[in-house]
Amino acid sequence: MSPEQSPASTENEERIRRFLAIASHDLQSPLRHIAMYAEILLDDLGDKLDDEQLKSLQTILHKAETAQRLTKALMGFAGSTPQVVAAEIDLNGLVSEIWADMASDVVASDATLEHGGLPTIVSDPAIVRMALTNVIANALAHRGPSPAVVTIAAEREPAEITIRISDNGPGIAPEHQDKIFDAFWKLPQEGRPTGPGLGLTASRETLRALGGSIRLERSDAGGSRFAIRLPASRA
């Protein structure tokens, strides 16, 4: 136990690891079968499908494979042996993919995504995707009365890359700001269903495996801004 960690925080970390290990393990088999059957259908029916049907099957296969990589990364983290896979990541393309995956929430909140000129970086695609997805999803879920606007920018320094995700939501009350990374804690919001409250926690812990971090940089009536820091590696 490090000097900063209390017995309670150590126990909480172990709870997170056990939860991630069980959930990730149990997801591996169904994800493997989804990917396998999608491949079989593509092989057997690929030349008989119209463009929309073919694209749908290819999307199912791609999403299943992405989820497989993420669950493997989470299992590695839960077992204290994270297997980091370094690859080139086009942040512009990744952010656009994540936004497309959230189409129903985007439409419901009349949301707008602003980004441009994001760099290509080298890191673990599954972990970076998870962290960005969780922050963007929170921005859409905890929006204000105005249409949501999510802005993403990145800054490259000699030793690190910082990705900043800003929104125009109502902000997080000061008394809650030190709790948002706690496992199983959910920001109270009237009229909205509560979830497990593990997105930011899992993002923080898995980013640590990359030597990175995530933090709330600011939050007030004008919105919130999160910063994801990653070690710099030139593509």
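Read-outs throughout are calculated quantities, based only on the coordinates presented, and are distinct from any laboratory measurement. What you see is a predicted model; the values in this text were computed from it and never measured. Every residue, glycine as well, gets a Cβ built from its backbone with ideal geometry; the counts of neighbours run over all protein chains shown.
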Using a cut-off of under 11 Å, list every residue of the stretch 39-70 whose amide N is near the label point 7 Å from the Cα of Ala103 along the Cα-to-beta-carbon line.
-> 56
Between Thr112 and Arg17, 0.36 nm times their residue separation minus their Cα-Cα distance comes to what?
-> 30.7 nm
Charge tally for neighbours of Leu216 with beta carbon under 12 Å away, counting Lys, Arg as +1 and Asp, Glu as -1, is +2
Spin-label point model (7 Å from Cα, Cβ direction): what's the Ala221 to Lys55 distance in nm?
-> 4.4
Length gain on complete extension for the stretch Ala232 to Ala86, per 0.36 nm per residue less the alpha carbon to alpha carbon distance?
-> 51.4 nm
Kindly write out, for the stretch 39-52 in residue order, the coupling ³J(HN,Hα) from the Karplus curve 6.51 cos²θ - 1.76 cosθ + 1.60 (θ = phi - 60°), rounded to whole Hz, with x marking Gly and Pro.
-> 5, 4, 5, 5, 5, 7, 10, x, 7, 10, 9, 7, 4, 5
For labels at Asp26 and His176 in the simple 7 Å Cα→Cβ model, what's the distance in nm?
-> 2.8
